[in-house]
Structure formats: C-alpha cells, structure tokens
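Written out below as structure tokens is the structure these notes cover.
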Amino acid sequence: MVATSPAPSLPGEAPDQAAIRLQLRSWPEVEAYLQGCKGVIVPLGSTEQHGPTGAIGTDALTAEAVALEVGRRTGVLVTPTQAFGMAEHHLGFAGTISLQPATLMAVLHDVVLSLARHGFERIFVINGHGGNIATSRAAFAQAYGTAASRGLANAGALRCRLANWFTASPVSSLARELYGNREGHHATPSEIALTLALEPSLQAKQRPLPEAAPAGPIHGPEDFRRRHPDGRMGSDPFLASAEHGQQFLELAATALAEDLASFLAEPDAS
Ligand code: NI
C-alpha cells in the first residue's frame, strides 16, 4: 500500500528538516516509516562549472535545498544528495567532476533498486541539472526491468519520477518575469539566485559580466569551451539576488510538493 498522504517520519512527530533526512535515521526508524509511507525523495545534482562567478556545486546545492524543503513540508524522507551528475560537456572547465552517462545510469539504477528492496515504491528524484534528464529516464527504465527480473515483491508497484525544480512552471514564469531572455540556459540567474539565498558567502563572487555567448548545440568539452568561453550560455547571473533565490525556493518547493503528493497518490498497477 502507498500512503495517500505522506506520514511524518515518526509517529506523533512534526516533520522538520532533520527528521526527514535519511542520513539521520536508524534502520528501525526507516522500517517504521515504511509502514506509513512508501515515498522517498532523492536529490540529484551535478558538480560542474557555472560561469566565472557561479559555484561549482550550484546544481547539487539547489537540488538538495529544494528536496529538503519539499521533505520538510510533506514529511517524506530525503536521501543523501547524488552530487555528481552527467557533466561531460563542462569538463573543459576546472573543478567540474562528471559521471559518464553509463556511470550515472548505473548509480541511479542501484539507488532505486536498493530503495525498492526495502519496500519504497515511489522514488521522487528532485533534479537540479538538465544534463541528467535523459540518463535518469534511462536509469528508471532499467530499474523497472531489474526489479521485475529479480522478482522483487513490489516490482509492479515501483514508480520513479523525475522532478526538475528549474522547469516547474511557477519557477520558469518568475525567471522570465525577472530576467527575460537574460535567464539564458546555463549559469542562469535563477539558479545562482537560489545559491545566494543558501550560501551568503557566494555574494562576494557576483560582478557584472560581458554579454554571454548564446545557447547553441552541445557537443564535447573542447567545443563547449570554444562556443562558451566563460562557461555561460546566454545568461546574466549578475541579475541574481538572494531575495530572488528565496522566492525561487518557495515556488519550487510548493510546486514539487504538489507533484509529490499526486505521485504518492497514484494507484499501483492493476
Ligand atoms: Ni546548473
């Protein structure tokens, strides 16, 4: 059975950010949680350059913050963040650490199968990086097949959903309203704003930048650096502010908490 409404992580306990972190739970607590809710949130980020003024950890920091806020509001457990993503085209810039698509697929597959083995049936991946999308979907397809072939008792009930916080429609609307086409496609002011809200020290990196190279096709790392010499794609991250970041966090958490609630309420296969 999947709970139609998420349960607090322990009976009688109001969910807060510490309570919903899997890392801070014991295994009996996780077993008890599973009696009331089969849902879990997996934050997925990337460790990659974000232009000359953005933090390398932007996509992981933002995915984690949104995931913890969604967890806090819904009482759904949040796993540790998968902070390495598919960032092959950013490898031309120092600090980027990328998993090849096949590696990321194997990681996500194994995460899903581990969770499914314990009885989790709704795996809600909150993603902060566009480059992870195709690979995540492939990993889910692979995981469904493996769950069935291993004969997991809940294989038929297993569902994975990818929720990209940056494409939630209220988030895109606010980004358009605040930044117009200077939102761009990489090292965007919206994601940088969220990092400024999370980590005030990042404000010191902010400075005006020349106009960014426009978005174009994405090939290998050398080609990417040639087309986008400072790492940005059409964006103006100097427009970002911590106040904007708070608004993005609020909008993203609201939209994704709703999406999660409907995901948890989806009936099993019949
Ligand atoms: Ni990013």
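With a cut-off of 17 Å, note down the residues of segment 180-219 whose backbone N falls inside the zone around a label point 7 Å from the Cα of PHE238 toward its beta carbon. 180-184, 187-190, 192-193, 203-214, by backbone N distance to the label point. Distances between placed amide hydrogens fall under 5 Å for THR96 paired with GLN49, all partners being 5 or more residues away or on another chain. Backbone amide hydrogens, once placed in the peptide plane, bring ARG159 within less than 5 Å of ARG122, ILE123, excluding anything fewer than 5 places away on its chain. Per residue of the chain, the DSSP helices (runs of n ≥ 4 H) give a summed -39500 (n - 2.57) that works out to -13500 deg cm²/dmol at 222 nm. The value of relative contact order for segment 111-183, using C-alpha pairs under 8 Å at least six residues apart, is 42 percent. Highest mean first, the peptides 94-102, 223-231 sorted by other C-beta atoms within 10 Å per residue fall in the order 223-231, 94-102. Rolling a 1.4 Å probe over the protein heavy atoms leaves HIS185 with an accessible area of roughly 140 Å². Spin-label model, ARG227/SER201: points 7 Å from Cα along the beta carbon direction are separated by 3.4 nm. Phi angles across segment 29-43 convert, under the Karplus curve 6.51 cos²θ - 1.76 cosθ + 1.60 with θ = phi - 60°, into 3J(HN,Hα) values of 5, 5, 4, 5, 4, 5, 5, x, 8, 9, x, 8, 10, 10, x Hz, Gly and Pro given as x.
What the Cβ-Cβ distance of ARG150 and LEU209 gives, at R0 = 30 Å and to the nearest 0.05, is a FRET efficiency of 0.05. Distances between placed amide hydrogens fall under 5 Å for GLY85 paired with THR47, LEU99, all partners being 5 or more residues away or on another chain. Scoring 121-130, 137-146 by mean Cβ neighbours within 10 Å over their residues and listing the highest first yields 121-130, 137-146. Pick out, from HIS109, THR81, ALA94, the residue whose Cα sits farthest towards the positive end of the charge dipole of the chain, with +1 on the Cβ of Lys and Arg and -1 on the Cβ of Asp and Glu. Towards the positive end, the residue furthest out is HIS109.
The values are calculated or read from the model by the stated rules, or taken from the named source; none is laboratory data. Remember, predicted model here, so these are calculated numbers, not experimental data. With ideal geometry, Cβ positions are generated from the backbone for all residues, glycine too; neighbour counts draw on all protein chains shown. Ligands, DNA and RNA are stripped out before the accessible areas are found, and what is left, the full protein with its side chains, is counted by its heavy atoms. Shrake-Rupley method; radii C 1.70, N 1.55, O 1.52, S 1.80 Å.
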